[in-house]
Amino acid sequence: MRTIIFFPVVLFLLVSCASSPEISEDALDEGVALLYQGKIDAAMIFFDKAILYNSENFEAYYYKGNCLANKKKYSKAILEYNKAIKYKPDYAEAFANRGEMEFYLGDRESACRDWRKAESLGMQDMSDKTRGCK
């Protein structure tokens, strides 16, 4: 009799559980909503959760970088943008934001390189940044 009861319970649990990518995307969405509300620390928790369930979630790294940038933790933000770029090498926004962090840290050469890369990937509003580059 235990087997009969056990099987439906296990089947229900398997069917009702969301997959890791779904959990990751849900956490990402929640984090973005919190970030736009200015709740940076809470948003970072959700971005970490998104990464936990999908270590290749490039958007979670990108938004976590944005949170760190808002907290003026530029070096740590660069690390997150690096991860976003690793998983999405054509992620123009990550290049642009990494360039900003490099600029704030006094590395104009790297900043210009990243801004040009963002521009080459289709970002239209980079001319103000790249104009001052050699």
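Quick one: go through the range 109-123 and flag any residue whose amide nitrogen is under 14 Å from the point 7 Å out along the Cα-to-Cβ line of T130. Label zone hits: 111-123. Taking 20 Å as the cut-off, the amide N atoms of the range 38-52 that come nearer than this to a point 7 Å along the Cα-to-beta-carbon line of K86 belong to 44-52. Between the Cα long axis of helix 92-104 and the first principal axis of the chain there is an angle of about 60°, rounded to the nearest 10.
Largest first and in whole Å, the equivalent-ellipsoid semi-axes of the chain read 40, 15, 11, each the square root of five times a Cα gyration tensor eigenvalue. For the range 84-134, taking Cα atoms only, Rg and Dmax work out to 9.9, 29 Å respectively.
Axis angle, to the nearest 10 degrees, between helix 2-16 and the longest C-alpha principal axis of the chain: 20 degrees.
Just so you know, all these numbers are worked out from the coordinates, no wet-lab data involved. It should be emphasised that the depicted structure is a prediction, and the values quoted were computed from it without experimental measurement. Every residue, glycine among them, receives a Cβ derived from its backbone with ideal geometry; neighbour counts consider all protein chains shown.
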